[in-house]
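Okay, so here's the structure we're looking at.
Just so it is clear, none of the values below were taken in a lab; they were calculated from the coordinates. Bear in mind that the values here come from a model prediction, so they are computed numbers and not experimental data. All Cβ positions, even for glycine, are placed from backbone atoms using ideal geometry, and neighbour counts span all protein chains on display.
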Amino acid sequence: MSRRELTTGAVLDTAVDLVSRRLPGMAGLLMLASLPLRFLEAWLANRLLQLGDKASEHVSYLTGLSVWVTLSLLLAFWGRAVWARSCTLALTGGEAERRISWRERLRLSPAGLVSYLYAATVAEVLFFALGWTLVALPVLAVLGGLAAATSALDHRPGLFASLGHVLRHARPFGVLAGLTLVFLMGVPVVFLNLSMLFQILVWAAGGMTGTAGAWWEVALSWENQQFVVLACAGAILLLEPFWLAALVVAVRQARARQSGEDLAAWFAALRPPVQEEA
């Protein structure tokens with residue numbers, strides 16, 4: 001038996017277990033908190049694509065949409081912080097974690113929340129400023145995710161301290177790169193699955209009603225740009241709990257290896273159980 005290595009596969013296994021078995025309710029809460037943001041982002045992106053070069057003629061309308069996107073960010077940030085705290089409690093609580101109430105899971109550290117809001121806002125600003133380069137998107141996605149993953153850790157907020165806190169946990173590079181690659185490949189896979197699901201529903205509805213060429217066949221097809229954008233947003237929404245859980249696991253295990261906590265747990269597992277004297 002050897003000390004367990006920190007690998008991308010091991011992190012993903014733990015993340016899937018957190019989402020599907022241990023914390024499905026909290027994962028649902030995260031998706032509900034992120035739903036307004038993803039819908040508004042998809043709506044804004046679709047309108048920008050429709051307007052094209054004429055977008056400058058609709059500044060007031062687009063500004064109003066941007067304000068709603070910004071407001072929905074606050075709810076999404078809260079949901080991510082709650083999810084990160086729930087995952088952290090699940091990884092550190094052992095058997096006692098099952099007895100933790102929802103109220104305790106929702107109780108966020110004010111200092112950690114302020115620090116996270118600042119770091120996440122910086123990441124979002126950079127995302128919109130540099131997202132057009134495409135190369136920066138994975139890096140900013142990791143930084144934004146790490147800001148949420150580290151929000152449950154005790155630290156003081158500050159202009160540079162909050163950002164430094166996130167950057168210090170951007171390791172190990174190989175694991176983070178592996179997670180990023182897996183989820184980048186996962187987005188089109190989930191998108192295709194969602195699209196096929198709607199196509200099956202359209203086919204079933206046509207078979208039951210006996211109608212062909214109904215409006216929903218066009219509305220729920222790749223010919224409809226709005227449907228494609230919404231399906232992409234839905235794919236990201238479904239993957240978000242797994243993505244953030246994986247980052248929390250990576251941060252937690254990296255800290256445990258650095259402090260020797262995982263080694264102590266490994267020795268404890270090797271120690272034979274103490275037999276009670278008669």
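Worth a mention:
- Separation of alpha-carbon centers, segment 14-45 and segment 137-211, rounded to whole Å: 10
- Using alpha-carbon coordinates, inclination of helix 225-259 to the longest axis of the chain, degrees: 10
- Taking the longest Cα principal axis of the chain as reference, the axis of helix 173-209 is set at about 50 degrees.
- Here segment 105-195 is treated as an ellipsoid with the same Cα gyration tensor; its semi-axes, largest first and in whole Å, are 26, 15, 14.
- Exposure rule at most 13 other beta-carbon atoms within 10 Å, DSSP loop chymotrypsin sites (Phe, Trp or Tyr not before Pro): the chain longest free segment: 1-159
- Environment charge at Ser60 (Cβ cut-off 15 Å; Lys +1, Arg +1, Asp -1, Glu -1): +1
- For the chain, averaging the sequence separation of C-alpha pairs within contact (under 8 Å, six or more residues apart) and dividing by the residue count gives a relative contact order of 29 percent.
- Neighbour counting of Cβ atoms within 10 Å sorts the residues Ile236, Ile100, fewest neighbours leading, into Ile100, Ile236.
- Descending Cα extents along the principal axes, segment 8-260, whole Å: 64, 44, 36
- Gain in span if fully extended, Leu74 to Val139, counting 0.36 nm per residue against the direct Cα distance: 21.2 nm
- To the nearest ten degrees, helix 24-51 and the longest principal axis of the Cα atoms of the chain are 30 degrees apart.
- Under 20 Å from a label point set 7 Å out along the Cα-to-Cβ vector of Leu197, the amide N atoms of segment 4-26 belong to 16-26.
- MRE, 222 nm, helices only [DSSP H, n ≥ 4, -39500 (n - 2.57), over the chain, to nearest 500]: -25500 deg cm²/dmol
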